[in-house]
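To keep things clear, I will list the structure first and then write my remarks on it.
The values are calculated or read from the model by the stated rules, or taken from the named source; none is laboratory data. Bear in mind that the values here come from a model prediction, so they are computed numbers and not experimental data. Positions of Cβ are generated from backbone atoms using ideal geometry, with glycine treated the same way; all protein chains shown enter the neighbour counts. The area values use the complete protein model at the heavy-atom level, side chains included, leaving out ligands, DNA and RNA. Shrake-Rupley method; radii C 1.70, N 1.55, O 1.52, S 1.80 Å.
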Amino acid sequence: MEKSAKIYIAGHRGMVGSAIYRKLKKEGYENLLVKTSSELDLRNQQAVADFFDQEKPEYVFLAAAKVGGIVANNTYRADFLYENLAIQNHVIHSAYVSGVKKLMFLGSSCIYPKMAPQPLKEDYLLTGTLEHTNEPYAIAKIAGIKMCDAYRDQYGCNFISVMPTNLYGYNDNYHPQNSHVLPALIRKFHEAKINNAPRVEIWGSGSPMREFLFADDLADACYYLMQNYDEPNLINIGTGHDLTIKDLTVLIKDILGYEGELVFDASKPDGTPRKLMDVTKLHNLGWRHKVELPEGIALAYEDFKSKN
Ligand SMILES: NC(=O)C1=CN([C@@H]2O[C@H](COP(=O)(O)OP(=O)(O)OC[C@H]3O[C@@H](n4cnc5c(N)ncnc54)[C@H](OP(=O)(O)O)[C@@H]3O)[C@@H](O)[C@H]2O)C=CC1
Ligand SMILES: C[C@H]1O[C@H](OP(=O)(O)OP(=O)(O)OC[C@H]2O[C@@H](n3cnc4c(=O)[nH]c(N)nc43)[C@H](O)[C@@H]2O)[C@@H](O)[C@@H](O)C1=O
């Protein structure tokens with residue numbers, strides 16, 4: 001990617017898009033094209049086609065999507081399927097029509113079968129049944145991967161797909177119901193601490209295992225892969241380490257300095273028992289994460305406090 005290249009970051013106000021934006025600025029890219037969802041609704045096919053026709057971006061990071069935690073995914077099942085399919089269909093097709101040189105599509109670790117062997121290798125895609133709570137979102141993401149590959153096969157487009165593990169960081173979503181676990185726990189322990197609440201409720205059994213990557217590390221990996229990866233099929237992005245939700249809870253509780261009790265709410269879903277990424281392919285290409293979980297949680301908490 002030449003420093004003068006015109007680069008469209010779809011979803012630049014989100015956690016991932018804003019991290020990619022910061023990374024590209026830091027690397028000296030000045031010609032960055034961005035639009036909020038009110039300026040350009042990516043669900044609108046004609047608006048997306050017109051935008052690509054007029055702006056003709058050379059590179060695209062597709063980090064716009066309908067995103068949320070386990071309960072949001074399970075509650076707004078139709079919206080997660082429809083909106084994500086619409087956004088990615090319109091952006092990927094218009095990128096082909098307007099002659100984009102390279103596009104990166106962001107998927108998610110939930111594309112893998114619920115009971116796949118661990119760690120999750122890229123070739124486990126479509127080898128089993130998906131986790132129910134996020135099946136619509138996962139189906140949309142799988143369609144995005146297959147769309148990138150099909151446009152490469154039929155039209156020779158250099159469209160790549162990356163699969164990040166669970167993410168957290170600056171500009172995360174801290175909504176009490178719709179967020180992912182890590183930002184949800186930061187909010188819960190922060191509020192419990194300032195209100196002297198005796199206990200905090202944790203969803204599910206605490207036994208599921210999750211892997212967490214700081215969003216700025218993800219942006220670094222995306223930039224690296226945009227320069228060093230030109231293959232079909234997907235590539236995982238993660239740390240290669242995971243922990244139980246219970247251990248994550250204790251870690252966040254300690255970092256935030258909350259001293260009350262934990263109560264596990266079995267009426268809430270556990271979701272996938274484990275989804276640890278196999279990052280051999282990424283490591284072999286020469287990229288590794290830098291921010292470890294305790295440091296990243298402290299950074300995310302500072303960001304949360306500065307906005308709340
Ligand atoms: N968060 C996580 O743990 C993980 C995320 N990912 C993937 O990373 C990508 C980014 O996620 P993340 O940054 O967390 O999500 P966020 O919710 O933080 O940001 C999503 C962005 O998408 C934009 N967007 C949503 N709908 C539309 C629309 N109809 N038209 C235009 N823009 C739209 C929003 O724009 P605006 O602000 O202008 O409204 C927003 O900035 C997604 O593809 C997601 O699937 C993958 C694995 C884990
Ligand atoms: C990134 C990935 O994220 C989603 O999958 P998920 O990993 O299951 O999502 P999650 O972060 O919301 O939960 C992880 C675990 O944590 C437990 N948990 C405890 N207490 C809270 C809590 O307070 N909030 C939340 N959200 N979860 C909690 C929760 O019960 C679950 O066992 C996908 O839908 C999809 O979006 C996707 O791709």
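At a glance:
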{"item": "For peptides 85-97, 112-124, sequence by mean Cβ density within 10 Å, most packed first", "result": "85-97, 112-124"}
{"item": "Principal axis box of the range 1-125, alpha-carbon based, largest edge first, Å", "result": "45, 31, 24"}
{"item": "Residue-by-residue Karplus 3J(HN,Hα) for the range 243-256, coefficients 6.51, -1.76, 1.60, Hz, glycine and proline x", "result": "8, 6, 4, 4, 5, 4, 4, 5, 4, 5, 4, 5, 5, 7"}
{"item": "Mean Cα-pair separation over length for the chain, i.e. relative contact order, pairs under 8 Å, 6 or more apart, %", "result": "20 percent"}
{"item": "Amide hydrogen neighbours beyond the local backbone of Leu234, cut-off 5 Å, H modeled", "result": "none"}
{"item": "Long-range HN-HN contacts of Leu276 with modeled amide H, under 5 Å", "result": "Leu120"}
{"item": "Where the Cα pairs of the chain fall when distances are cut into 10 Å bins, in %", "result": "6, 28, 36, 22, 7, 1, 0"}
{"item": "Residue-count net charge about Ala65 - beta-carbon cut-off 12 Å; Lys, Arg +1, Asp, Glu -1", "result": "+1"}
{"item": "DSSP bridge pairs, the chain: antiparallel proportion in percent, nearest 5", "result": "5 percent"}
{"item": "Förster-model FRET efficiency, 22 Å R0, Ile139 and Arg13, C-beta, rounded to 0.05", "result": "0.30"}
{"item": "Global form of the range 138-292, assessed from the alpha-carbon gyration tensor, a/c cut-off 1.5", "result": "prolate"}
{"item": "Label point distance in nm, Gln177-Arg288, each placed 7 Å from Cα along Cα→Cβ", "result": "4.3 nm"}
{"item": "Average Cα contact separation per residue, the range 161-308, under 8 Å, 6 or more apart, as relative contact order %", "result": "37 percent"}
{"item": "Average accessible surface area per residue within the chain, 1.4 Å rolling probe, Å²", "result": "43 Å²"}
{"item": "Among the listed pairs Lys193/Lys253; Lys25/Lys66; Lys6/Lys101, those beyond 21 Å (Cα-Cα)", "result": "Lys25/Lys66"}
{"item": "Approximate shape of the range 122-216 as ellipsoid semi-axes (Cα gyration tensor, √5λ), whole Å, largest first", "result": "36, 16, 11"}
{"item": "Difference of contour (0.36 nm per residue) and Cα-Cα distance, Ser205 to Leu262", "result": "19.4 nm"}
{"item": "Centroid-to-centroid separation of the range 77-143 and the range 158-231 [C-alpha atoms, Å]", "result": "18 Å"}
{"item": "Rel. contact order, % - alpha carbon contacts under 8 angstrom, at least six apart, the range 131-208", "result": "13 percent"}
{"item": "The range 105-176: C-alpha gyration tensor shape, a/c 1.5 cut-off, then a/b vs b/c", "result": "oblate"}
